[in-house]
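Beneath this line is the structure, given in structure tokens, with notes to follow.
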């Protein structure tokens, strides 16, 4: 197993046990993260996102990981996150393809790709089934998610907990 494959395994192991400090140590300070729900996040916003998602899962986040591959600079993995979406309390089983770039033995770029329409059908129910495939709905999902992230960030900045 290459050192960067070990980093990927460590990252997802920490995610599955809600170990944010280990998650944070896997990332380079200049990390960039992108996925269909959050769009592009940079630096501390990436760390805040994972903290928020872990907190909202209330310890009920299950991760399965497969096909981990990495060399000195690039890596990839397939993972599945199973959880209850906090806004609707609906069960979501999200199959995700992750790609990584590494610098100094840390993840500097992390891109998660998944079917947002499938996610929206599970998380939002009928509304997601009917409209989740549209660009308009996908933009609304991203806007709402970023608003929640900014509120979470402001709350925890005031409490000095992130």
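Mind checking which residues of the range 1-26 are more than 13 Å from the chain's Cα centre (by Cα) and buried (at least 18 other Cβ atoms within 10 Å of the Cβ)? Full working, then the answer.
Step one: filter the range 1-26 for residues more than 13 Å from the chain's Cα centre (by Cα), giving 1-10, 13, 17, 19, 21-22, 25-26.
Correct list: 4, 7, 8, 26.
Listed by first and then second residue, the pairs linking a residue in the range 130-154 that is on the phi < 0 side of the Ramachandran plot to a residue that is at pLDDT below 85 and crowded, with 18+ Cβ neighbours inside 10 Å, with Cβ atoms under 6 Å apart and 6 or more places separating them unless they lie on different chains, are 131/137.
Number of residues in the range 96-108 that are touching a strand residue (DSSP E or B) at 6+ places or on another chain (Cβ under 8 Å) and loosely packed, with under 15 Cβ neighbours inside 10 Å: the value is 4. The residues of the range 40-61 that are in contact with a helix residue (DSSP H, G or I) (Cβ under 7 Å, 6 or more places away or on another chain) and assigned to a strand (DSSP E or B) amount to a single one, 41.
Within the range 83-128, restricting attention to residues that are assigned to a strand (DSSP E or B) and farther than 18 Å from residue 64 by Cα, the residue that is farthest from the chain's Cα centre (by Cα) is 103.
Taking the criterion of being crowded, with 18+ Cβ neighbours inside 10 Å and closer than 13 Å to residue 109 by Cβ, the residues of the range 29-69 that qualify are 31, 32, 33, 35, 41, 46. Filtered by the rule that a residue be surrounded by 15 or more Cβ atoms within 10 Å (Cβ to Cβ) and touching a residue at least 40 places away in the same chain (Cβ under 8 Å), the range 70-91 gives 70, 75, 77, 79.
The values are calculated or read from the model by the stated rules, or taken from the named source; none is laboratory data. None of the values given here were measured: they were computed from a predicted structure. Ideal geometry is used to build each Cβ from the backbone, glycine not excepted, and the neighbour counts take in all protein chains shown.
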